[in-house]
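Structure first, commentary second.
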Amino acid sequence: MSVIDDLQELAIGARMKRLYETFSKDVTQIYKDEGLEFEPKYFVLYYLISRREEIGITEIAEELSLTHPGVIHLAKELETLGYIESVKSSTDSRKRILRLSKKGQESLGKFEHVWAKISSLNKSLFESQHNHLLEAIAEVETQLNQKNYYHRFKEMFSPAGKSDVTVLEYEPKLKKYFKSLNIEWINTYFTVEKHDLEQLDHPEDHILNDGGRILFAKVDGQIAGTCALIKTGKHEYELAKMGVSPRFQGRKVGHALMEASLKLAKELKAKRVWLGSNSKLTPALALYRKYGFKDIPVGDTPYKRADVKMEIWL
């Protein structure tokens, strides 16, 4: 499994590009086997031009939702290959239009023969899937046409909210959030390590059964953040695995978890709470210092990413 697979939703663009390149490599070979010098990236443009006697750059850009420079770049490559030509418009001498060249017209039959085969293969491939790829893409496109990605981003991460933060203690039904919230932030900045998975996959064995506790923050009916107090000595706990979903940043979720953790540590008779972090996590470090944590030598640590260590005496 690659880092793209690990990142899941965060790397959707890279994953789609990887899928495209997987198709592109093999389809290019298929064209080559048919005696056609052609790449999949030219398909939509060549197909559109083949269905029109003449078509201008602006019209192509609008129909294919491409930029003018993008269309011009592909058109130049197709023209170099000899499949299309650029000529003056018969209705406006100032305007240049694209049309199939003689080679493009002669090759069209061979292309259509290959396209029919590719279409049949793709249909067979997609219909054998539990989740139909084309239908899933269409759903996403419909959603983004109704409300674009930027608008959704601003709306989701607006600091305003309908309710305060509620802190809950661990229940088995919340276990999945302990892992998902931590995997989300760790993969954003670093790489998930073996020790992470030990605790995230088996919190009962590695945290709770040894006298530790796990807290969750709930906002607007959703689990927005989590953290753990891991017992590391008779009167000592590590504050660890604090993760807040990006969609709830600005809602003081980290503050609520910090206050609840320190209160709980006092109830557990802790005298010292310590934590490991990383120097690039500036907002988190500022939060720790706000609540009285002081920097100490890092020393031994099971995490490669930990280059900061802090503690607070209660």
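The values are calculated or read from the model by the stated rules, or taken from the named source; none is laboratory data. Predicted model only: the values in this text are computed from it and were never measured. Positions of Cβ are generated from backbone atoms using ideal geometry, with glycine treated the same way; all protein chains shown enter the neighbour counts.
Is it the case that some residue within segment 196-203 is closer than 30 Å to Tyr150 by Cα, under 26 Å from the mean Cα position of the chain (by Cα) and hydrophobic (A, V, I, L, M, F, W, C)? Full working, then the answer.
First, the residues of segment 196-203 that are closer than 30 Å to Tyr150 by Cα: none.
Scanning segment 196-203 turns up no residue that is closer than 30 Å to Tyr150 by Cα, under 26 Å from the mean Cα position of the chain (by Cα) and hydrophobic (A, V, I, L, M, F, W, C).
So that you can scan it fast, the table gives a plain yes or no per residue for (1) in contact with a Lys or Arg (Cβ under 8 Å, 6 or more places away or on another chain); (2) aliphatic (A, V, I, L, M); (3) in the same structural domain as Lys175 (by TED's automatic domain parsing):
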{"position": "Met242", "(1), (2), (3)": "no, yes, yes"}
{"position": "Ala270", "(1), (2), (3)": "no, yes, yes"}
{"position": "Thr282", "(1), (2), (3)": "no, no, yes"}
{"position": "Asp295", "(1), (2), (3)": "yes, no, yes"}
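It is to be established whether one or more residues within segment 274-293 are within 28 Å of the chain's Cα centre (by Cα), at positive phi and among the basic types (Lys, Arg).
Looking for residues that are within 28 Å of the chain's Cα centre (by Cα), at positive phi and among the basic types (Lys, Arg), one finds none in segment 274-293, hence no.
Glu59: touching an Asp or Glu at 6+ places or on another chain (Cβ under 9 Å) and either at pLDDT below 95 or of a type in the set (Asp, Glu) (or both), yes or no?
Criteria not met by Glu59.
So Lys263 passes all but one of these: (1) under 33 Å from the mean Cα position of the chain (by Cα); (2) charged (D, E, K, R); (3) in a helix (DSSP H, G or I). Which condition number does it fail?
(1)
Step by step: first the residues of segment 1-47, then only those that are farther than 23 Å from Glu63 by Cβ and hydroxyl-bearing (Ser, Thr, Tyr), then the one that is modelled with the lowest pLDDT. Which residue is that?
Filtering segment 1-47 for residues that are farther than 23 Å from Glu63 by Cβ and hydroxyl-bearing (Ser, Thr, Tyr), the one modelled with the lowest pLDDT comes out as Ser2.
Quick test for you: out of Ser93, Ser50, pick the one residue that is over 32 Å from the mean Cα position of the chain (by Cα) and modelled with pLDDT under 90.
Of Ser93, Ser50, the one residue that is over 32 Å from the mean Cα position of the chain (by Cα) and modelled with pLDDT under 90 is Ser93.
Only one residue in Leu181, Leu208 is surrounded by 16 or more Cβ atoms within 10 Å (Cβ to Cβ), of a type outside the set (Asp, Glu) and touching a Phe, Trp or Tyr at 6+ places or on another chain (Cβ under 8 Å). Which one?
Leu208
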